[in-house]
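Heads up, the thing below is written out as structure tokens.
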């Protein structure tokens, strides 16, 4: 695979490395004091938000739909499904998101995606890891939703790949050696931007957009994939990507996003 599972370093090497990293971090904080990712107020540590901005984030907590992760207003029982999941079951098994797409969360997504604020991905991936514990436990490898090469060239990086890479790093630090496969899924169709498209137009736009490169098919056969993206809106993109993975022999796909829109807000502009 593109990034093999690594083994922990020897203890002495690890102690020296942590000592050097700690010293460098202290010097860095003196030169560049940490600020809130939301309002740039001073905070105690980097890659965090102040108390005021924290209060403006809507974290998705149980109870929620067992399939789509849609928050419920009250607990209606374990394993319950939302009307959307019942009426139109998705091709993926489960979807989870860290936060609702509003306020500061929406600004973080826009800053990462269009403002080259890749530093924000550290904070965002940390929140995603918190929401992904049940998905990560059963996943064999993490695959980001890819960009078409033309858009990747213009944007210079894939925000989903950056979030996925940092998620894997967090999990490895926790002792869970999960593989990262950033090239296991390709986007061969130069689709239009999904911004301002309705549900049906989004589906048509991404239909047939994804494929698994032939060299990856033997490695994916029978595996469980955790598919990572930044925002879940109508689900058209991750559904199309999931179908491509399953056509290649993947046993099951779970989806993890940083943010998801609330039910009834599928036309949100991002």
Check off (1) modelled with pLDDT under 95; (2) in a loop (DSSP other than H, G, I, E, B); (3) surrounded by 22 or more Cβ atoms within 10 Å (Cβ to Cβ) for residue 202 and give me the number that stays unchecked.
(2)
Counting only helices (runs of 4 or more DSSP H) entirely within segment 87-149, those with at least 1 residues that are surrounded by fewer than 19 Cβ atoms within 10 Å (Cβ to Cβ) and touching a helix residue (DSSP H, G or I) at 6+ places or on another chain (Cβ under 8 Å) are 103-114, 120-131
Which of the residues that make up segment 67-86 are in a loop (DSSP other than H, G, I, E, B) and surrounded by fewer than 16 Cβ atoms within 10 Å (Cβ to Cβ)?
72, 73, 74, 75, 76, 77, 78, 79, 80, 81
Out of 253, 170, which single residue is over 27 Å from residue 117 (Cα atoms), touching a helix residue (DSSP H, G or I) at 6+ places or on another chain (Cβ under 7 Å) and either modelled with pLDDT of 85 or more or not in a helix (DSSP H, G or I) (or both)?
253
Search result, residues across segment 212-237 that are buried (at least 19 other Cβ atoms within 10 Å of the Cβ), at pLDDT 95 or above and outside any strand (DSSP E or B)
212, 216, 220, 223
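Quick check: anything in segment 179-198 within 18 Å of residue 258 (Cα to Cα), in contact with a helix residue (DSSP H, G or I) (Cβ under 9 Å, 6 or more places away or on another chain), surrounded by 15 or more Cβ atoms within 10 Å (Cβ to Cβ) and modelled with pLDDT of 90 or more? Spell out how you get there, then give the answer.
Of all residues in segment 179-198, those within 18 Å of residue 258 (Cα to Cα) come to 180, 182, 194-195.
Those still in the list that are in contact with a helix residue (DSSP H, G or I) (Cβ under 9 Å, 6 or more places away or on another chain) too: 180, 182, 194.
Filter once more, keeping what is surrounded by 15 or more Cβ atoms within 10 Å (Cβ to Cβ): 180, 182, 194.
Narrowing the set further to residues that are modelled with pLDDT of 90 or more leaves 180, 182.
Yes, the conditions are met somewhere in segment 179-198.
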Could you grab me the full set of residues in segment 211-239 that are within 20 Å of residue 147 (Cβ to Cβ) and touching a strand residue (DSSP E or B) at 6+ places or on another chain (Cβ under 6 Å)?
211, 213, 225, 226, 227, 228, 229, 230, 231, 232, 238
Output the residues belonging to segment 41-50 that are surrounded by 10 or more Cβ atoms within 10 Å (Cβ to Cβ) and farther than 15 Å from residue 126 by Cβ.
41, 50
Does at least one position in segment 87-95 carry a residue that is modelled with pLDDT of 95 or more and within 13 Å of the chain's Cα centre (by Cα)?
yes
Restricting the search to segment 51-66, which residues are more than 20 Å from the chain's Cα centre (by Cα) and surrounded by 17 or more Cβ atoms within 10 Å (Cβ to Cβ)?
53
Between a first residue in segment 172-192 that is within 12 Å of residue 148 (Cα to Cα) and a second residue that is in a strand (DSSP E or B) and modelled with pLDDT of 95 or more, which pairs have beta carbons less than 7 Å apart while being 6 or more apart in sequence or on different chains?
185/143
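The values are calculated or read from the model by the stated rules, or taken from the named source; none is laboratory data. Bear in mind that the values here come from a model prediction, so they are computed numbers and not experimental data. As a convention, Cβ positions derive from the backbone with ideal geometry for all residues, glycine included, and neighbour counts pool all protein chains shown.
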